[in-house]
Structures are given as structure tokens and as C-alpha cells.
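Accompanying notes for the structure given below.
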Number of protein chains: 2
Amino acid sequence: MAQKPSIPKGTRDFNPEQVAKRNYIFNTIRGTFKTFGFQPIETPSFENSSTLMGKYGEEGDRLIFKILNSGDYLAKANAEAYENKDSNKLTGSISEKALRYDLTVPFARYVVQHQNEIEFPFKRYQIQPVWRADRPQKGRFREFYQCDADVVGSKSLWQEVEFIQLYDTVFSALKLEGVTIKINNRKILSGIAEVIDASDKLIDFTVALDKLDKIGEEKVKEEMLSKGISQEGIDKLQPLFTLSGTFESQIESLKSILSASEEGLKGIEELAFIDAAIAELGLTAATLQLDVTLARGLNYYTGAIFEVSAPKDVKMGSIGGGGRYDDLTGIFGMKDVSGVGISFGLDRIYLVLEELGLFPETVSKNVEVLFINFGDKEALFCLKAIKELRHNEVNAELYPDAAKMKKQMTHANRRNIPFVVLVGEEEINSKTYTLKNMVSGEQHKVSLEELVSKLS
Amino acid sequence: MAQKPSIPKGTRDFNPEQVAKRNYIFNTIRGTFKTFGFQPIETPSFENSSTLMGKYGEEGDRLIFKILNSGDYLAKANAEAYENKDSNKLTGSISEKALRYDLTVPFARYVVQHQNEIEFPFKRYQIQPVWRADRPQKGRFREFYQCDADVVGSKSLWQEVEFIQLYDTVFSALKLEGVTIKINNRKILSGIAEVIDASDKLIDFTVALDKLDKIGEEKVKEEMLSKGISQEGIDKLQPLFTLSGTFESQIESLKSILSASEEGLKGIEELAFIDAAIAELGLTAATLQLDVTLARGLNYYTGAIFEVSAPKDVKMGSIGGGGRYDDLTGIFGMKDVSGVGISFGLDRIYLVLEELGLFPETVSKNVEVLFINFGDKEALFCLKAIKELRHNEVNAELYPDAAKMKKQMTHANRRNIPFVVLVGEEEINSKTYTLKNMVSGEQHKVSLEELVSKLS
């Protein structure tokens, strides 16, 4: 006998219930994207390697899945690399395509390639899988979906305001209360680095600051010192470590810290604008919180930085994030296209909803009624009713074989089908249907019209 | 300046209108799958190579996209193949995964792997992309979607009846009238080969017969002769070439041709059963037609064979197909699981609907109303109304920048947004909104309630 088949590590099969639950999240996000005026695009699963390579750093390049060229691919293999058995150097000559690693670089490529057909500002959303040759672990997969919305071609801060509302609308629709939307601004981080005279150490500085939650104040300071940031500079940072109170009061504290930095003050002004607008518009499921330690992919972002945390009682990393980037399309030669975008982490949102029991019971409802099959004559009579039910959007099916009744009833039970219909000679003669409720056990003879109205 | 980026040949970007039109077809098919009691599953984009290789013939193996192993993949390269620069032999040692080639083999793998969790008969649908390293041409791509529905675990012919109804329901919903569902049965082809004493040449025989439409009767006969089928046998086939009339009368002719073949008569009985049931249940958009020349992937099918043709006035190959296979999961060591399934050809259905102008006008409706941005104070006032509109599922947006009014109006026009709202100081003071119809040019001052009710 053949070996029982399996799937590659880090990938997943989804059964009907899982697909239904995932689609519930996708549809909620998609529906909200639409009401906010975002339009869908889709890009190919694989891109030319030149489009992807070099865009995610050295580590990213390594994690990109490469597709082997077709045919006699060794004919064009780089001779030197081949001789030296240098995998790394050989790859480019035997692989021209690669699976996309995220949706952002393909989107940048799309905007540049189709710039003449696009009406700017362009608000697009994209919900597609991406692939990474990462070491699989809990909640980390080699194939997973990203749900992104971005606007390109406008520097307006109203977009940031809209994205915060969008997050809130999605989490409200998912009934996921207590979400925190953390916000920061790259200009504030640059400003702080500037006032402590560490502009040249911006990355080291923010990497250390980003760890405040995990390692605490003292360790952060040690790390900064070890990276060459002066004690005097670190002393100036002291107010940062004790920032608290409302968004507005934190803004005030930051203003005094950053009074000497024009860029820092600009960042504060942006945050204050966003906060004031959100205060006016209101949030339902989420809270907006200033977090000056938030850095994410700092090199990437130029203005606002977002990160969304699950409700406090759920142990889970961020369930979304995003920010403003002023030069998304520059990598493909199109300058001065500012963009801002956010992403939803489907897999983590799924785990959170599962943990909190927030999936609606109806989400994996599949078949509402199974018609028991007593033989060909009865089956044909049933199929006429089934046709009518389906026409009224009732999910209905006939058990395919005239198997023993017990087997058919067990099938209905195992699949949680709430109703069965029994049709024998008597029903055919009187043109009726015996409808049985599988939960209560009650059963009634009904006409076709009654059947349709009861199940619709 | 960087080179303008591009995508690999045979792949496609989809713009918002195309995504909307594709989703219209997907949603129609998915909705019908559901009312017929099918449940969704999803499988990973790539499988272990061993799952896919050898399942599609030599040509198929060649067309499967292989994924290069990560890291120092040459370390495990087959030494002999490497020395001989034998691409074909080397592949297996530097690539362990491959992109799926269709949805059928992954489905078979899924059924075997999850057999203990599955309640049989199992009706599943699957709508996912597949990849083939085929030479791209009009209507043929390297990445394309398949939409499959299959039932495994029942030999009941009612499934065949249901699939014909399913096709009809989908094409009715798409308003695509005049579709022909061609049906044949593998047992009839075997029976014919048997009576002309060419059972050992079944493939040659059906390959030739399959060409009747394209090359005509004489050429088909020549080909059969050249493949070693006797003149006497070919003479016996004569009635096949002139089969005509109703489904029933063709069945009668076939009965006389196949009177000596038990298997052939079984095939006729099956077809007659299906035809009688369909005659009782009725079809709306499609016609069922017997086509004894229909063979498709003959080795695969064991009973019914389906193929769907577009309406006659559209030049297009088949837009769907399927059939019964009695040993789907045998390749993975699970015996005696009969299956029957059908597939929809998304890309071709798209082209047909486009050619016949059958996409509903509303399909690519995106944003219903754009709020003109006259400045921050006005924008905030607008966003409060926009929030209310979105809450009522109206797709609404604010122009992000306080640009010149003409620019904003042009933006609304270019995007075919049917309404704009203008809010200046007067409107803010009177808490009203000036709603302008972009088609008629009419405009009225309305309250928030009126705005919501007019646009909902």
C-alpha cells in the first residue's frame, strides 16, 4: 500500500468549517474595504525574481521561494557558480521567477506598470496569499494570506484618520471589543534621535526603544549605551520612559522633549491632528493609543506608524499594522508617490476570535435539509422539491443512495444538518413532504409551499 | 531610471473592474455549489513533489512548476546528474515541492489524508488557482483558477443528474442561454471498441473519434485504419457517424450497435436513466446532448463524461467538463472510492460573458458618492456623514486633499462615481449636504437622513 500522503511543512489544508470561518473574516474585511472606497486588484502569485529580490533585505531574499526554470535549465546555469557548487550564486541563473513575499512590493510594481491607467489618488485593497520559506512555528506559516489596503498619491492626513476608523469598523463588525490601535510617527523618532544627538544611530536607538515592553527600562538604557548613545542623551530621554496619561497630555510632554527639533514637532503636529479628528468621529471597538516605542519596519515608514493589539486578556502578538511611506514606488523608478496603508493579520485574528468564541454559530451552516432517499421514484419526486428550495436559496440535498434509513439519518446527524425530509409512497400520492426537525425530533406533513416557506 | 517593471509571461494583473467581473462569476458558481450542498475546502498552493509527479503523464510532469529547495540546495544534489548536467534527473534532488497543477489530485490527496475526519459521501467544492508551465496563448495562462465540485463515496447516478442541473443553474444565473451540455459514457466507448474487435486499441480509437468535429468522417476513418483498426470494424461504426435525432432515438440506435456488448449496454442504460430524470426535472439555460465522440481524459473517466459548450454564436472551446472516475484515491492507496465531478472554466466563461455583454452594469459599481474636500473643517463635517453612510453599507469616500474643485470633480467623473456631495460653510451652519447627481447634473440640499435614504 502507498504511504499515507502529507503536505509540506508550514502549509495547511482547510476543511469546510475552517474555510467558512476564514471567509467570515475575509468577507467582513472586504466589505469594510469597499464601503471605505477601496477597490480590489490582484497580482500574479509569482513575479520576476528581479521584481522581488533586494527589496526585503538579505534575510528576506533568503526567505523568498524561487521557482526552477522549465526545460533544460542547466543549459543556462552560471558556469562558475556551477563549478564551485555555489547554491547562492547559481540561483539567479536557473530560476527567473519567485513566489511573492508580501503584497506591498507587487502593489508598487503594479502602480508603476499601470500608472497611465490609474486615476490617482488610488485606493486599492488586495487579499491574496504570500509565501515565505520561514521556519514554521505556532501561528507562523509558509503560506498565509495578507489583507492590505493602501492609498497612493495623496499626502493628506485624512487617510490616517480613515484607516483608524477602518480598523475600528472591521473589529466592531467582528464583535472584537477592546482592541488597541497604537500609533507613532517616524518623525517623532527621528526628532528624539536628533535631540539626543544620535541621528546617525536612529536604527540602533529605535530597535532598543522598541524592546521597552519586553525587557524594561534599565535593559533598554544599557543597550543604548552599548550602541554608543551618550549618557547625557539617555538622560534627556527620561520623560519618554514615564510618558502616561491621555493622548493629549503625552503630546504635551513630547512637545517639551522635542522643542528643539523641527522634524519632531512636525510629527507631534501630525499626531495631534489625527487624535483630534478621531476624538470628534469616535471609535466603537478600539482605543487609539500613542506609543512612542513603536517602530516596526522603520526604514520603510516616513510618517504615521500603526500597530493593532488584540484585547488584553488574549495572549497574541499584533493583529494588524501599517503606516505612511513616502517613496513606495521609487524602487521601480517612479518618484514622489506617497502612500499609506494597513494590513490585517488573518491567521491571528482567526485565533483570537476562536479563543473568545466570537465566530457566529451560523458561520459554518452548510446544508439546511437532507432528503432521505427511499428509491428512484421517491428520489425524483424529492429532486423536484429540492430544485424549488435551491431556487429560494435554501441549501438542500438528496442522499445519493437508497441506503438504509438509519445510515442516512446518521449522516444527517454527523453533518449537523438541522432538517430531513421523508418522502414515501403516501407522500407522493398526497403531494406532501414529511419534514423532521433533527434537534427536537418533531415531524409534520407539509405541502411544497409550506416546505419552502419553513426553510427559507 | 529603473526599467519599467513587468510580470512573467502567461500571468496577469487584474484591475478593479476585472476583479469585480471575475468575482461575479466566482460568487455565482460558489452560491450554486452551496445550494447544492457542496462544502468548500482549500489545499496548499504547493504540494510535495511526490504527490504530483507521475499523476498527469510525462507531458504533465514537464509542465509542473517546481520550487527550488531553500538554503544550500546543491549540497544534496544528485552527484551523477550534477556531473552530467542532466537537468531532468537533477530536479528531484534540488526541488522537493511543486505548485499544484490541478485541483483533482490535491483533492484525492486530501480525501486520503483526512479520511477519518470526513463523513462520506463527501461533496466538496474548491475554487483556487493552479499553475502550468504551458506555452501561453490566447485564453491559456500559466496561472488560472479552477472551480471544481466533486462527490466521493457514492456510485449513485443521481449525482450525474444533479451535476447537469448544477451546470444549468449556474448558466441560468449568469443569463448565459443556449449552452450545450454534452454527455457520453466511457462504457459506451469501451463497448464500441469491443464490438469492432479493437478493445486493445481503445485509446487510438477514441482519439480518432474525438476529432470528428474537426477533421470530418473520412479523415477519422483514415486515421483509424492507419492505427490498425480493421475495415470491417470501421464499417460497423457507420451508424455512429450519422447518429442524429433526439437523445432517445440516438439511444435506440446505439442499442442496436452495441447489442453484443454487455458493458456498452450498461453505458446506454446509465445515459437513459440520466436523460429521463433530466427530462422530468427540466433545464432552463442549457440543453443536454448525447455526443458519442466525446472522450476527454479517457483513461481517467470510468462512467459519465461531460463537456459544456458555449452558445453556438460564440467561438470558444469548452467552458466546463467533468465525469465519473471510479478510482480517484487509488493513486494514494485508498481503494474503492468512486467519484464524480465537474469543473467550470472561469477564464473562458469570462470571455463569453464579455463578448455577449452579459455582465450586469452594477457589477463593477464601486464608490457611490465622493465628498468634495474644501478644507479641514468641512472634511471633518463630511466624515461624520460618511461614517453614517458606510454604516448603511453605502460605499462612500472623501477626496483626501483640499484640491481645486475642478480636479476633484474630474476625479469623480473619471471613476464613474454617480454622486458627489458638496459641503461649504453654509451647509455646515444649516447641517445640510448638497447632493449632486453626476449624470443629470441636478443638485439638491438634503439633510443627513435624506442623504442616507437617497443613497442606500
Discussion item. Any residue at all in the range B:307-322 that's among the acidic types (D, E), in a strand (DSSP E or B), touching a strand residue (DSSP E or B) at 6+ places or on another chain (Cβ under 7 Å) and modelled with pLDDT of 90 or more?
Written reply: yes
Worksheet, complete the sentence: Restricting the range A:158-168 to residues that are more than 9 Å from every other protein chain (Cβ to nearest Cβ) and acidic (D, E), the one surrounded by the fewest Cβ atoms within 10 Å (Cβ to Cβ) turns out to be A:D168
Worksheet item: A:N48 fails exactly one of the following numbered conditions: (1) within 17 Å of the chain's Cα centre (by Cα); (2) within 7 Å of another protein chain (Cβ to nearest Cβ); (3) in contact (Cβ under 8 Å) with a residue 24 or more places away in the chain. What is the number of that condition?
Response: (1)
Worksheet item: If a residue has to be touching a helix residue (DSSP H, G or I) at 6+ places or on another chain (Cβ under 8 Å), within 7 Å of chain B (Cβ to nearest Cβ) and under 21 Å from A:G330 (Cα atoms) to count, how many in the range A:88-112 make the cut?
Response: 2
Worksheet entry | Residue in the range B:148-157 that is more than 14 Å from chain A (Cβ to nearest Cβ), modelled with pLDDT of 95 or more and either out of contact with any strand residue (DSSP E or B) (no Cβ under 6 Å at 6 or more places or on another chain) or over 30 Å from B:D313 (Cβ atoms) (or both) present | no
Practice prompt. Would you check if there is a residue in the range B:382-397 being in contact with a Gly (Cβ under 6 Å, 6 or more places away or on another chain) and either farther than 23 Å from B:G441 by Cβ or small (G, A, S) (or both)?
Written response: no
Item to complete: From A:L398, A:L380, grab the single residue that is facing chain B (nearest Cβ under 7 Å), farther than 21 Å from B:Y125 by Cβ and surrounded by 16 or more Cβ atoms within 10 Å (Cβ to Cβ).
Response: A:L380
Response to the item:
Checked pairs for the range A:12-38, first assigned to a helix (DSSP H, G or I), second at pLDDT 95 or above and hydroxyl-bearing (S, T, Y), C-beta under 7 Å and 6 or more apart or across chains, list as A:K21/A:Y350; A:R22/A:Y350; A:I25/A:Y350; A:T32/A:T169; A:F33/A:Y125
Worksheet item: Within the bounds of the range A:113-135, is there any residue that is at the interface with chain B (Cβ under 8 Å from one of its Cβ atoms), closer than 20 Å to B:E17 by Cβ and under 16 Å from the mean Cα position of the chain (by Cα)?
Response: yes
Discussion item. Going by what's in this entry, would A:F171 be described as more than 10 Å from chain B (Cβ to nearest Cβ), in a helix (DSSP H, G or I), within 30 Å of A:G264 (Cβ to Cβ) and touching a strand residue (DSSP E or B) at 6+ places or on another chain (Cβ under 7 Å)?
Written reply: no
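Residue-wise test of (1) in the same structural domain as A:K34 (by TED's automatic domain parsing); (2) out of contact with any Cys (no Cβ under 8 Å at 6 or more places or on another chain); (3) closer than 30 Å to B:V394 by Cβ; (4) not aromatic (F, W, Y).
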{"residue": "A:I94", "(1), (2), (3), (4)": "no, yes, no, yes"}
{"residue": "A:N116", "(1), (2), (3), (4)": "yes, yes, no, yes"}
{"residue": "A:W131", "(1), (2), (3), (4)": "yes, yes, no, no"}
{"residue": "A:S156", "(1), (2), (3), (4)": "yes, yes, yes, yes"}
{"residue": "A:Y167", "(1), (2), (3), (4)": "yes, yes, yes, no"}
{"residue": "A:L174", "(1), (2), (3), (4)": "yes, yes, yes, yes"}
{"residue": "A:G178", "(1), (2), (3), (4)": "yes, yes, yes, yes"}
{"residue": "A:G191", "(1), (2), (3), (4)": "yes, yes, no, yes"}
{"residue": "A:K201", "(1), (2), (3), (4)": "yes, yes, no, yes"}
Discussion item. Condition first: over 19 Å from B:K66 (Cβ atoms), charged (D, E, K, R) and buried (at least 20 other Cβ atoms within 10 Å of the Cβ). Now tell me which residues in the range B:110-140 satisfy that.
Written reply: B:K123, B:R124
Item to complete: Would you be able to tell me the number of residues in the range B:40-59 that are assigned to a helix (DSSP H, G or I) and either surrounded by fewer than 14 Cβ atoms within 10 Å (Cβ to Cβ) or not hydrophobic (A, V, I, L, M, F, W, C) (or both)?
Response: 6
Fill in: Pick from the range A:324-374, criterion assigned to a helix (DSSP H, G or I) and of a type in the set (V, I, T), ranking: farthest from the chain's Cα centre (by Cα)
A:I331
Worksheet item: For the range B:88-109, which residues satisfy the criterion of being surrounded by 19 or more Cβ atoms within 10 Å (Cβ to Cβ) and without any contact (Cβ under 8 Å) to a residue 40 or more places away in the chain?
Response: B:L90, B:T91, B:I94
Item to complete: Might you let me know whether the range B:259-270 holds any residue that is within 14 Å of chain A (Cβ to nearest Cβ) and not in a loop (DSSP other than H, G, I, E, B)?
Response: yes
Discussion item. Tell me the residue from A:D72, A:D102 that is among the acidic types (D, E) and either under 30 Å from A:R124 (Cα atoms) or in the same structural domain as A:Y125 (by TED's automatic domain parsing) (or both), please.
Written reply: A:D102
Worksheet item: Taking the range B:181-223 on its own, how many of its residues are surrounded by fewer than 18 Cβ atoms within 10 Å (Cβ to Cβ) and part of a strand (DSSP E or B)?
Response: 0
Discussion item. Looking only at residues that are within 14 Å of chain A (Cβ to nearest Cβ) and among the β-branched types (V, I, T) in the range B:271-290, which one is farthest from A:L380 (Cα to Cα)?
Written reply: B:T284
Item to complete: Run down B:K21, B:K85 and say which single residue is over 22 Å from B:G333 (Cα atoms) and more than 8 Å from chain A (Cβ to nearest Cβ).
Response: B:K21
Worksheet entry | Restricting the range B:4-13 to residues that are surrounded by 18 or more Cβ atoms within 10 Å (Cβ to Cβ) and at the interface with chain A (Cβ under 7 Å from one of its Cβ atoms), the residue that is farthest from B:H114 (Cα to Cα) | B:P5
Practice prompt. Kindly provide the set of residues from the range B:66-112 that are of a type in the set (D, E, K, R) and on the phi < 0 side of the Ramachandran plot, ordered by number.
Written response: B:K66, B:D72, B:K76, B:E80, B:E83, B:D86, B:K89, B:E96, B:K97, B:R100, B:D102, B:R109
Worksheet item: of a type in the set (S, T, N, Q) and closer than 30 Å to B:S154 by Cα - does that describe any residue in the range B:352-363?
Response: no
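One line per residue, one yes/no per condition, for (1) over 21 Å from A:I183 (Cβ atoms); (2) of a type in the set (V, I, T); (3) under 37 Å from the mean Cα position of the chain (by Cα):
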residue	(1), (2), (3)
A:K221	yes, no, yes
A:G228	yes, no, no
A:E232	yes, no, no
A:F241	no, no, yes
A:K255	no, no, yes
A:S261	no, no, yes
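The values are calculated or read from the model by the stated rules, or taken from the named source; none is laboratory data. Quick caveat: nothing in here was measured; it's all calculated off a predicted structure. Positions of Cβ are backbone-derived with ideal geometry, glycine not excepted, and every protein chain shown enters the neighbour counts.
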